[in-house]
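What follows is one structure encoded as structure tokens, with my remarks underneath.
The values are calculated or read from the model by the stated rules, or taken from the named source; none is laboratory data. Everything numeric in this text was worked out from a predicted model, so none of it was measured. All Cβ positions, even for glycine, are placed from backbone atoms using ideal geometry, and neighbour counts span all protein chains on display.
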Amino acid sequence: MSTVESVTPSGAAVVRRPRRVRLLWFLVCLGLIAVLIVASIAVGTRFVPVPTILDALGGADDTLDQAVIRVRIPRTVLALLAGAALAVSGAVFQGVTRNPLADPGILGINMGASLAVVVGLAYFGLSNPNSYIWAAIAGAAISAVFVYAIGSLGRGGPTPLKLALAGAATSAALVSFVTAVILPRNDIAENVQSWQIGGVGGATFERIWQVLPFLGAGLAVCLLSARSLNSLALGDDVAAGLGERVAIARGLASLGAVMLCGATTAICGPIGFVGLVVPHGCRLLVGPDHRWLLPFSALTGAGLLLAADVIGRIVARPGEIDVGIITAFVGAPFFIYIVRRQKVRAL
Amino acid sequence: MTTEHQLTAENLSLGYKDRTVIEGLELAVAPGRVTAIVGANACGKSTLLRSMSRLLSPRAGQVLLDGKEVHKLPAKELARTLGLLPQSPLAPEGITVSDLVGRGRHPHQGVFSRWSVADDTAVAAALEATHTVELADRAVDELSGGQRQRVWIAMALAQETDLLLLDEPTTFLDVQHQVEVLDLLTDLNRSRGTTVVMVLHDLNLAARYCDHLVAIAGGKVHAAGRPCEVLTEDTVRAVFGLDSKVIIDPTSGGPLMLPIGRHHMVA
């Protein structure tokens with residue numbers, strides 16, 4: 001042990017983190033997203049050639065192609081925003097619960113948001129989209145607290161599998177509530193279908209503007225919690241020893257994540273698995289430091305959901321499949337993979 | 001190098017739900033020294049340590065740091081003076097040693113502040129002190145138990161506190177790693193003047209490595225003082241309910257406890 005002194009390098013070199021690798025991945029992600037944006041505008045029931053896209057982005061809308069593009073642009077923007085929001089929300093829930101299976105879809109939080117919107121539409125005459133968003137966030141918060149409480153019952157507290165089971169059961173129950181609310185109500189059935197299966201097809205810039213402040217606030221809270229999440233990852237006792245007020249930090253980060261997934265569900269409906277898959281993938285690329293993980297998840301989530309939307313438009317031409325279904329196809333096998341891995345408790 | 005701090009418990013009562021573990025305990029930690037807390041299983045020694053580091057609020061009485069109640073100090077301010085290494089900390093999957101040690105800097109950083117030169121220096125010093133420099137880029141999952149414990153101590157050191165509380169820092173370690181960790185803590189105490197308080201299982205190692213030995217029984221301090229005063233046959237009987245023989249340790253000159261069981265006696 002005493003021989004080590006002779007080879008101690010200078011401090012800064014020792015602790016320098018591999019920034020270059022992260023920067024490289026960052027650029028790769030940005031490039032992929034750029035390609036996906038072009039694809040998302042070009043691909044669909046009607047294929048639009050790339051030069052026309054550039055014209056339309058310049059403001060022209062005199063041809064049919066350019067009119068098509070006008071519809072696809074908000075859809076693309078919404079897919080990017082929703083993907084980023086869901087991925088960050090999933091990463092934060094995983095950090096807060098130290099649970100590798102946490103995801104706003106699996107934990108039933110998105111369905112809670114959906115139910116709140118549907119109930120608001122059916123019984124309380126909610127009409128302006130701003131009130132949908134508030135209802136969705138409230139519904140998300142209530143179901144998050146409920147699932148966490150159920151999952152914490154019994155021995156060992158909120159273990160990953162118990163939380164996931166509580167979430168799945170709650171989610172199943174909420175789905176049937178949503179159906180039960182909608183079925184007898186022909187007058188609203190058409191409006192509410194998008195809150196059963198998530199999709200970004202109905203996007204308009206008006207709706208995006210309405211949800212943007214909520215997404216912005218939620219994202220800001222989550223990013224500011226990154227350092228607290230790093231402490232919480234070491235266990236509650238260590239975090240407290242490092243001067244973290246554990247309960248407050250956990251509550252604040254959860255609030256940010258609930259705002260993100262609630263607001264997203266308010267306009268897209270429940271989209272699952274993005275929040276599960278993306279943070280795990282990003283952890284492999286940039287490591288478990290939340291100050292890197294959260295921005296990377298945002299970027300990758302945006303790309304993934306956009307890719308899912310494009311795929312949904314390709315595989316079912318001339319119709320389309322909602323992103324909520326595509327993400328489930330990708331995410332469900334991934335979920336099984338994580339459960340089967342031995343290290344399921346080791347987040 | 002370090003300022004001396006007075007950490008005391010006054011008339012302290014602690015418990016969980018319907019169970020009282022510590023009742024009316026009085027304790028003054030010797031500043032600048034190594035204190036070891038020993039006692040039977042479930043006697044409340046870990047509970048006491050948790051309470052001294054703000055993790056558990058007292059039912060009655062108080063824990064004072066330089067005359068101020070620990071539970072009322074701002075969390076980060078306390079964390080810059082008093083560090084804690086709990087019994088089973090969690091290392092996130094895939095975290096590197098330098099990243100983990102860097103997280104010890106948390107109480108020195110604000111929400112918006114960036115990684116500073118002071119942070120770099122503290123992490124480097126902590127790695128050097130614990131002989132983990134060459135592990136800096138390794139993943140914590142890959143390390144042996146002894147290495148991992150040194151890394152956790154490095155994290156606590158990066159916190160740069162004048163007081164360091166450790167809950168059974170040698171559990172689950174082989175004997176050579178136990179000695180390694182305790183030697184390391186002694187180095188720290190001697191070179192930096194860090195006040196060390198640790199809960200230990202092994203009475204003989206505790207007596208060897210501490211300046212001040214505290215034996216807990218019945219929710220109170222049964223005996224406290226220099227190891228040779230505290231580690232006696234009477235104390236062992238009272239605290240552990242065990243007959244023993246205490247001799248002079250031929251390697252250290254301190255007390256050495258030999259348990260007397262029902263078998264294997266010299267005729």
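Does B:Q62 satisfy being farther than 28 Å from A:P279 by Cα and modelled with pLDDT of 90 or more? So B:Q62 passes the test. With respect to the conditions (1) under 30 Å from A:S176 (Cβ atoms); (2) of a type in the set (A, V, I, L, M); (3) surrounded by fewer than 24 Cβ atoms within 10 Å (Cβ to Cβ); (4) modelled with pLDDT of 90 or more, A:V221 lacks only one, and its number is (1).
Within region A:99-123, the set of residues being surrounded by fewer than 24 Cβ atoms within 10 Å (Cβ to Cβ) and modelled with pLDDT of 85 or more comprises A:V119, A:G120. On the basis of being acidic (D, E) and closer than 21 Å to A:L229 by Cβ, does B:D119 make the cut? Yes, satisfied.
Taking B:D167 as the residue in question, decide whether it is more than 7 Å from chain A (Cβ to nearest Cβ) and out of contact with any Phe, Trp or Tyr (no Cβ under 7 Å at 6 or more places or on another chain). Criteria met by B:D167. If the condition is being within 8 Å of another protein chain (Cβ to nearest Cβ) and not small (G, A, S), then region B:103-116 contributes B:R103, B:H106, B:P107, B:Q109, B:V111.
For region A:217-245, enumerate the residues that are of a type in the set (A, V, I, L, M) and within 22 Å of the chain's Cα centre (by Cα). Those that are of a type in the set (A, V, I, L, M) and within 22 Å of the chain's Cα centre (by Cα): A:A217, A:L219, A:A220, A:V221, A:L223, A:L224, A:A226, A:L229, A:L232, A:A233.
Scanning region A:244-255 for residues that are surrounded by fewer than 24 Cβ atoms within 10 Å (Cβ to Cβ) and without any contact (Cβ under 8 Å) to a residue 40 or more places away in the chain gives A:R245, A:V246, A:A247, A:I248, A:A249, A:G251, A:L252. For B:L165, the test of being in contact (Cβ under 8 Å) with a residue 24 or more places away in the chain, in a strand (DSSP E or B), closer than 20 Å to B:R148 by Cα and within 15 Å of the chain's Cα centre (by Cα) is passed. Within region B:145-164, if we keep just the residues that are touching a strand residue (DSSP E or B) at 6+ places or on another chain (Cβ under 7 Å) and of a type in the set (V, I, T), the residue that is farthest from the other protein chains (Cβ to nearest Cβ) turns out to be B:I153. Inspect region A:319-338 for any residue being surrounded by fewer than 24 Cβ atoms within 10 Å (Cβ to Cβ), within 14 Å of chain B (Cβ to nearest Cβ) and either in a loop (DSSP other than H, G, I, E, B) or not aromatic (F, W, Y) (or both) and give the result as yes or no. Yes, there is a match, as at least one residue in region A:319-338 is surrounded by fewer than 24 Cβ atoms within 10 Å (Cβ to Cβ), within 14 Å of chain B (Cβ to nearest Cβ) and either in a loop (DSSP other than H, G, I, E, B) or not aromatic (F, W, Y) (or both).
Filtering region B:82-100 to residues that are more than 7 Å from chain A (Cβ to nearest Cβ), under 18 Å from the mean Cα position of the chain (by Cα) and either at pLDDT 90 or above or under 12 Å from A:D289 (Cα atoms) (or both) leaves B:L82, B:L85. Taken together, B:T121, B:T170 contain a single residue that is on the phi < 0 side of the Ramachandran plot, among the polar types (S, T, N, Q) and outside the structural domain of B:S252 (by TED's automatic domain parsing), which is B:T121. Candidates A:V258, A:V278: the one that is crowded, with 21+ Cβ neighbours inside 10 Å, touching a Leu at 6+ places or on another chain (Cβ under 7 Å) and either in contact (Cβ under 8 Å) with a residue 60 or more places away in the chain or small (G, A, S) (or both) is A:V278. Tell me, please, whether a residue that is over 20 Å from the mean Cα position of the chain (by Cα) and farther than 21 Å from A:V274 by Cα can be found in region A:105-118. Yes, there is a match, as at least one residue in region A:105-118 is over 20 Å from the mean Cα position of the chain (by Cα) and farther than 21 Å from A:V274 by Cα. Among the residues examined, A:I248 qualifies as more than 20 Å from the chain's Cα centre (by Cα) and within 14 Å of chain B (Cβ to nearest Cβ).
Annotation note: of A:L276, A:L232, the sole residue that is in contact with a Gly (Cβ under 7 Å, 6 or more places away or on another chain) and within 14 Å of chain B (Cβ to nearest Cβ) is A:L232.
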